[in-house]
Amino acid sequence: MLADDFGREVSGVRVSLTDRCNFDCVYCHNEGLGDTRGPMDPQDGEMSADDVVRFLEVAAEFDVEAVKFTGGEPMLRDDLAEIIRRTPDSMETSLTTNGTFLPGRAEALKDAGLSRVNVSQDALDPEAFAEITKSGAYEKVLEGVEAAIDAGLTPVKLNMVVFEHTAGYVEGMVDHVAANDGLQLQLIEYMPELTGKPEWNIDIGRVHDWLADLAVEIEHREMHDRKRYWVGGPKGEGGMVEIVDPVGNETFCANCHRVRVTHEGYLKGCLNRNDDLRSMGEMTKPEIRAAFRETVAERVPYYGEYLVRDDEDGWVINDDYIGGPPAVDTDDETATADD
């Protein structure tokens, strides 16, 4: 397994299959792009299935244990099941989706080798959901969650971005997962730099404190130094709620073990950076091996290393990392470091 200069082994990869999405979420920086009529063949600029599999076969050589397929909305790719089926057997496969295409496809994805799914669901109220996602697909998402559970893609993790628009729905969502077997909840810290709306931010520490008072049991997770809160019962009986809080969190970045691939085929060492990209293009496997080694070797923790505190306790770019490759706007993730 490859490790960077900070001792962080790369055990997982996130591969974006498209930047297209049939939702237009207000917190997303890649809102509703492209042709979203339904699942279709790869579009211009998107990696082919062969491109994706060639990279994954190389990653498996370096003992990468897991791949998460993301977007945009990855289920807009008609060849998703093929990609999952061709993923090396040694790698666990998971998927982040808005859930609208899971009805009718969840069983086939499970049969292809998919292990589990994360479903974006920011509210249990249809009107609130429509306001946040600019979509009338609330009922379809609920159907998708049920389809995933029925197919055995469990635990189904519900991803909820916590910001001004959703803070009032957190309690209801926590109660929801505590009352329903097969569900877990990830509360994802809002990243105001993605929307230019810092006024929507809330103090994620208050959510931690509230959950700590509510929880029957608190578990520490090594990955990203995260906490899991078990509510309604102890571990294995109650509902699990986890907070993903990377913003300004040096410990989170110090425990990051992932490399990313954009839908265009760029290797990317950090979600928050676009100055460390390497295009795989038409690379051969030996060339991808070399590029992957270089990408891992040059990874640095974003907070605490790439960004450091100035005299006024603000974050500024570390002079050691100024002058790298020019930034290219190819980051197509719609969520933070969810798992």
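Quick look at the values:
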| item | result |
| --- | --- |
| Options GLY99, GLY144, GLY71; residue that is farther than 24 Å from THR284 by Cα, surrounded by 18 or more Cβ atoms within 10 Å (Cβ to Cβ) and touching a His at 6+ places or on another chain (Cβ under 9 Å) | GLY71 |
| Residues that are over 22 Å from ALA148 (Cβ atoms) and of a type in the set (Asp, Glu), drawn from segment 181-240 | GLU189, GLU193, GLU199, ASP203, ASP209, ASP213, GLU217, GLU219, GLU222, ASP225 |
| Flag for VAL177 being within 20 Å of the chain's Cα centre (by Cα), at pLDDT 90 or above and farther than 23 Å from VAL247 by Cβ | yes |
| Test result for GLU131, without any contact (Cβ under 8 Å) to a residue 24 or more places away in the chain and of a type outside the set (Ser, Thr, Tyr) | no |
| Segments classed as strands (runs of 3 or more DSSP E), wholly inside segment 175-243, with at least 1 members that are surrounded by 17 or more Cβ atoms within 10 Å (Cβ to Cβ) | 183-189, 226-231 |
| Residue match in segment 67-78 (condition: farther than 21 Å from GLU139 by Cα, touching a Ser or Thr at 6+ places or on another chain (Cβ under 8 Å), part of a loop (DSSP other than H, G, I, E, B) and modelled with pLDDT under 95) | yes |
| Members of segment 244-262 found to be in a loop (DSSP other than H, G, I, E, B) and touching a residue at least 60 places away in the same chain (Cβ under 8 Å), listed by number | PRO246, GLY248, ASN255, CYS256, HIS257, THR262 |
| Only one of GLU282, GLU264, GLU298, GLU250 that is farther than 23 Å from ASP51 by Cβ and among the charged types (D, E, K, R) | GLU250 |
| Hits in segment 140-174 - residues which are part of a helix (DSSP H, G or I) and of a type outside the set (A, V, I, L, M) | LYS140, GLU143, GLY144, GLU146, ASP150, GLY168, TYR169, GLU171, GLY172 |
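The values are calculated or read from the model by the stated rules, or taken from the named source; none is laboratory data. Not measured: the values here are computed from a predicted model. Because the Cβ atoms are built from the backbone with ideal geometry, glycine has one as well, and the counts that use them run over all protein chains shown.
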